[in-house]
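The structure appears right after this line, and notes come after that.
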Amino acid sequence: MTATVQQVGELLQRDITDPLEVKQVTRWIEYADMLIRRRYPNLDALITDGSIGSDAVDMVEAMAVARYALNPEGVTSRSTSIDDYQETQGLRNAQPGIVILDTEWALIAPKTTTAGTGAFTIVPAGRRDQW
C-alpha cells in the first residue's frame, strides 16, 4: 500500500541510490500515504475488500512524490533570457508541498457496490409498451 523509492525513480527516469535521497523520498512517500489515510482512515480494509486497488494507491503516491521531487518549491513559471531572446515556461499544477490532484483522488475513490440506493437515485421504470 505504500509506493517504493524505485517506483518514484521510474517516474523520474533515474535511479535513486544515494542514501540521503532514499531517506528523503521515503519520508515524502510517508507524507503522501498520510494524506490518503486522512481521507480514507480505513484504507487497509478498503484495499482488502477490493474497493480500492493497492496498485492505484501506489501509483498515486509515487506520482505525488515525483511531482514534488521535480518542483519542491512550487515554482509556477520560469523565464530564460539571452541577449534579445526570452522564453517563459508556465507550470499549471505547481504547488508547494506534496499534493494529490483531483484526478488522482478519482483513481483511488472506493468502488460502490450498492448502485441505485442513494438519496437522489433515479431508477428508470422500463419501457412502456402502450400509451
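The values are calculated or read from the model by the stated rules, or taken from the named source; none is laboratory data. Worth saying up front: this structure is predicted, and the values here are computed from it rather than measured. Methodologically, a virtual Cβ is constructed for each residue, glycine included, from the backbone with ideal geometry; neighbour enumeration extends over all protein chains shown.
Would you call SER77 among the small types (Gly, Ala, Ser), modelled with pLDDT of 65 or more and over 29 Å from TYR31 (Cα atoms)? Let's see the steps before the verdict.
Working: among the small types (Gly, Ala, Ser): yes; modelled with pLDDT of 65 or more: yes; over 29 Å from TYR31 (Cα atoms): no.
Spelling it out, it is not the case that SER77 is among the small types (Gly, Ala, Ser), modelled with pLDDT of 65 or more and over 29 Å from TYR31 (Cα atoms).
Give me the residue from region 22-59 that is in contact (Cβ under 8 Å) with a residue 60 or more places away in the chain and assigned to a helix (DSSP H, G or I) and, out of that set, surrounded by the fewest Cβ atoms within 10 Å (Cβ to Cβ).
Narrowing region 22-59 to residues in contact (Cβ under 8 Å) with a residue 60 or more places away in the chain: 28, 31-32, 35-36, 39-40, 46, 50-51.
Right, trim to assigned to a helix (DSSP H, G or I) and you get 28, 31-32, 35-36, 39, 46.
Numbers: TRP28: 22, TYR31: 14, ALA32: 24, LEU35: 17, ILE36: 21, ARG39: 11, LEU46: 20.
Per the criteria, the residue is ARG39.
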